[in-house]
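A short worksheet on the structure shown next.
The values are calculated or read from the model by the stated rules, or taken from the named source; none is laboratory data. In this text the structure is predicted, and so the values were computed from the model without any measurement. Every residue, glycine as well, gets a Cβ built from its backbone with ideal geometry; the counts of neighbours run over all protein chains shown. The accessibility values were calculated without ligands, DNA or RNA, using every heavy atom of the protein model including side chains. Shrake-Rupley method; radii C 1.70, N 1.55, O 1.52, S 1.80 Å.
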Amino acid sequence: MVTMDQPAELLALAVSVARSAAVLAAGMRAEGVDAVATKSTATDVVTAADRAVERHVREALHAARPGDAVLGEEFGASPEHARVRWILDPIDGTVNYLYDLPQYAVSLAAEVDGQVVAGVVVNAATGKEWTAVRGGGAWSGDRRLACSGETDLGQALVGTGFGYAAERRLHQARVLAGLIGHVRDVRRFGAASIDLCLVAEGALDAYYEKGLNAWDHAAGGLVAAEAGVLVTGLNGAPPGPAMVVAAPPALHGPLHERLAELDAAGGP
């Protein structure tokens, strides 16, 4: 039984649990997706696998550390207060999962006294994983990650995502229209945790998105930050539902300025 609250100990547990959860998710996908329901809109889907994977993770964490809290996308927070809280997205990229596109992940972070100190993101379709411990760097396997060295926003490959509500997507499309002429190009993979990890390893130069919840960016945001990425909101705000901007220091300022001009955190 894990009893210590040291980040490395928490990461070891997170990796073990996330790997088994990813195997479960991939196995259920191979058997076919069923019991599709919707949440906020008709395009915001949830599958039986989302719920099964979250239950699996909650049970494993409770068995190892029964006093900890868990905040998960599908079943909320329980208990309300604990020194250590786990932040879970059981399948980040559920639409990709539904369509069998290989960009969906189990994202699990450990927060101690309100600060995320360890995180893992496992692409359940491919098995690739990214990990980080606060102050200990970001890693993919035995490779330490470093973000892009690009300094010119006009040469930056930028990732983004879109919300489920049509009104929000229309606002996000207007923001994108105002940005796309100022960057090299844009990519949309459909899983925020993976996007953040791609910025961490330099496969994307930067990333931004409105509408992310804690479970979308807790683990991936730590991986990115530990790889040298600035992960913020707009205009001094922390990263959160209004906006997450993730970019190396040389790109963060110009990207932030452009997004602020475009009112990227505004709209519905």
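Only residues that are in a helix (DSSP H, G or I) and out of contact with any strand residue (DSSP E or B) (no Cβ under 8 Å at 6 or more places or on another chain): list them for the stretch 15-51, please.
Across the stretch 15-51, the qualifying residues are 16, 20, 23, 24, 26, 27, 28, 29, 30, 48.
Quick check, is residue 116 of a type outside the set (Asp, Glu), in contact with a Ser or Thr (Cβ under 9 Å, 6 or more places away or on another chain) and within 28 Å of residue 39 (Cα to Cα)?
no
Checking residue 12 against (1) at pLDDT 95 or above; (2) within 20 Å of residue 219 (Cβ to Cβ); (3) in a loop (DSSP other than H, G, I, E, B), which test does it fail?
(3)
Mind checking which pairs have a first residue in the stretch 160-189 that is within 19 Å of residue 42 (Cα to Cα) and touching a residue at least 12 places away in the same chain (Cβ under 8 Å) and a second that is among the polar types (S, T, N, Q) and open to solvent by 60 Å² or more (accessible area, probe 1.4 Å), Cβ under 8 Å, 6 or more apart or different chains?
Close Cβ pairs satisfying both conditions: 164/40; 164/43; 165/40.
Need at least 1 residues that are open to solvent by 50 Å² or more (accessible area, probe 1.4 Å) and either touching a helix residue (DSSP H, G or I) at 6+ places or on another chain (Cβ under 8 Å) or modelled with pLDDT under 95 (or both) per element, so show me which strands (runs of 3 or more DSSP E) inside the stretch 64-165 make the cut, counting only ones lying wholly within it.
76-78
Yes or no, residue by residue, for (1) modelled with pLDDT of 95 or more; (2) out of contact with any strand residue (DSSP E or B) (no Cβ under 6 Å at 6 or more places or on another chain); (3) surrounded by 19 or more Cβ atoms within 10 Å (Cβ to Cβ); (4) not aromatic (Phe, Trp, Tyr):
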residue: 174; (1), (2), (3), (4): yes, yes, no, yes
residue: 185; (1), (2), (3), (4): yes, no, no, yes
residue: 205; (1), (2), (3), (4): yes, no, yes, yes
residue: 236; (1), (2), (3), (4): yes, yes, no, yes
residue: 239; (1), (2), (3), (4): yes, no, yes, yes
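So which residues in the stretch 49-87 are of a type in the set (Gly, Ala, Ser), under 15 Å from residue 9 (Cβ atoms) and touching a residue at least 60 places away in the same chain (Cβ under 8 Å), if there are any at all?
64
Take residue 191 and decide whether it is surrounded by 24 or more Cβ atoms within 10 Å (Cβ to Cβ), touching an Asp or Glu at 6+ places or on another chain (Cβ under 7 Å) and among the hydrophobic types (A, V, I, L, M, F, W, C).
So residue 191 passes the test.
Does the stretch 36-47 contain any residue that is closer than 20 Å to residue 115 by Cβ and β-branched (Val, Ile, Thr)?
no
Just to be sure, is residue 219 open to solvent by less than 40 Å² (accessible area, probe 1.4 Å), at pLDDT 95 or above and in contact with a strand residue (DSSP E or B) (Cβ under 9 Å, 6 or more places away or on another chain)?
So residue 219 fits the description; yes.
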